[in-house]
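Encoded as structure tokens, the structure appears first; notes follow it.
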Amino acid sequence: MDLHLFLAHADDHAPVLDEGLPRSAADEAALAAAVAPRRNKHKHLTRPEGLTDSLPDQRWGIVAPKGPIGDRLLECVAPLRRRREEEQGAEAVVYRVDPGMDLGAVTSWLQGEYWDAVGRRVEDLPGFVLVLGGPELVSWDLQQQLGADARVGRLAFKDDRGYEAYVDKVLRWERAPPIPGARALFHAVRDGSRATSLGYDHLMRPSIETARQHARSDLFPAADIVEIGGDEPPGTGGDLMAHAEAERSRAGVLFSLSHGLGAPRGGWRSLEEQHDRQGVMVLGASGELLTASDVAGRPFLPGGAWLFFACFGAGTPAQSAYHPWLDRLHKLGYTSPAERVLAALPRAGEPPFAAALPQAALANPHGPLGVIGHVDLAWTWSFLDHGPGAAGAAGDAGRARPERFQGVLRALAKGHRLGVAHHQLVRFFVTVSTQLSTLYDEGARLGLAVDTDAEDERRRARRAGLWMQRQDLCAYVLLGDPAARLPIARRPPGIAPRQDDTSKVRIGNVLGFEPPDPAPGEPPAAARDPARRAEAVLAVLRGDEDERAVAARHAVTEAELQRWIDAFVEAGRAAVAKLDGPTTDS
């Protein structure tokens, strides 16, 4: 099956690579461009023994650039920092880094300064990390490498007002009464191109069907599921803005699939034009676009989250991971397609940048809390396995992998923090990276050079496919605070209800999302239910969770939980003392 790209020319919005690339050419070029992935030598940065969403367990920290710019950015987010420190009961670790760190520098930093700052104590490492500044200040490489283990998000705005507006928005939603549940919005631009057709058939439609199948269940507890433009013919974009604006206070989850805007055939006229337009959402061949100005001045997914599938949707790197591969394609004789895609890539010396569209959405006081998007070329690799044995019965399609993205949507609908939701996608990158390393190791044990005919053809094709998947999956990043979450009544374990306003979960209680709140002066539900008290005690005694996590999950103090444990142990001792002598088998 051919490979397809989600990128369109800026001048006429025609797909840059409408005909796609043959799989055989992609394999040969990928084998030449691929290098064995580095194995992470640093230890895991998050603590598996704690609750995933619990800031007391996982902690929250900041990475900011060194110098006056970093000082100013830290001042802009100071109210958010204080809020997170209150949640976790400890000061946030703040790391200061050099600008433009490449992969080698990032690896050294992760093995050295990252651990040194916390005295090499794993319990003090932040499992949620907020990066401040654009990639010209804190590199995409650092965010992506750190994100393999920690839950990382980034705030990148053109001026201080963007940071301040975002912080105010997050805190405002966290103080507001929660809503019963999030609506799930799905929108695929069906412009007739092969890429968007494959995207709809193998990613968007299966995701909608799965969501509807599990609607209002524990698997996908969305308040409603809406396919935007589902009944419209291919070639129209649907009224995306109308649906996004209509969300108002409903904190929806939007999953969109489209081409991202690339360079015009003659190239960008200036860096300013490129930074303003590259990666904006192409709504169809008619010429309609969703730009930064469209989402900046009116409500767009207020309090929600956006999974934005398109080339350069979240930003652009200093150098594309696919440049060596495309250069190899060009040398193999695929001149025209390779040249067209190479022309869309950043030129040598151009700075990396965060895309203007998600920046504007996040800076909008009535915009989303987070955007997950791509910082390079987005291919069909991320949701289609093109490897050996992946073809369907007709031999013309790869094996669909929509679950890679469905996990993100499911986590958001369940009320998990944005970083936890994004990590549902990151974990597939980690899995693919491990598989690729294993293939290289197998080749080394067998004494095979990676580019010789002695290597089994099937293994060669598998290795090339994994390399392409790895590049595609690792380029999805989170823009926004990774500890933010949709303001819905449903709370996963580790996120305790606010203690200063018991009325805030009342609407969710009525609809069955949460147990009823106690009356003033009345103990929480867990304290009134003997079975729940016993379950909490046993979770601690079995070592399933630590005391802090169990207390948070049951909305009681650690002292109250310890009182339950003491009573349970004393009662057990008394019961054992009353037992008769040992029983004998008949």
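Please label the shape of segment 64-136 as rounded, prolate or oblate, based on the square roots a ≥ b ≥ c of the eigenvalues of the alpha-carbon gyration tensor (a/c under 1.5 means rounded; beyond that, a/b larger than b/c means prolate, else oblate). Since a/c reaches 1.5 but b/c is at least a/b, the shape of segment 64-136 is classed as oblate.
The distance between label points at E19 and I69 comes to 4.2 nm (points 7 Å beyond Cα on the Cα→Cβ vector). Here r is the Cβ-Cβ distance between D327 and D224 and R0 is 45 Å; the resulting FRET efficiency, rounded to 0.05, is 0.45. Can you figure out the FRET efficiency of A571 with A117, using R₀ = 35 Å and their beta-carbon distance, to the nearest 0.05? My answer for the efficiency is 0.15.
Each peptide among 63-69, 470-476 gets the average number of other Cβ atoms lying within 10 Å of its residues, and from highest to lowest they stand as 470-476, 63-69.
Full extension of the segment from E339 to A90, taken as 0.36 nm per residue of separation minus the current Cα-Cα distance, would add 84.4 nm. Placing dummy labels 7 Å off each Cα toward the beta-carbon, the span from T431 to R212 is 2.6 nm. The stretch between D529 and A296 holds 79.0 nm of extra length on full extension. This uses 0.36 nm per residue minus the Cα-Cα distance. Each label was represented as a point 7 Å from its Cα along the Cα-to-Cβ direction; for E136 and R172 these points are 2.9 nm apart. Would you mind working out the accessible area per residue for segment 93-208, using a 1.4 Å probe, and quoting it in Å²? Per-residue accessible area for segment 93-208 comes out at 33 Å². The slack in the chain from D201 to D159, taken as 0.36 nm per residue of separation less the alpha-carbon distance, amounts to 11.1 nm.
The values are calculated or read from the model by the stated rules, or taken from the named source; none is laboratory data. Quick caveat, the model's predicted, so the values are computed rather than measured. Cβ atoms come from the backbone with ideal geometry, glycine included; neighbour counts cover every protein chain shown. What goes into the accessible areas is simple: the full protein's heavy atoms, side chains included, and nothing from ligands, DNA or RNA. Shrake-Rupley method; radii C 1.70, N 1.55, O 1.52, S 1.80 Å.
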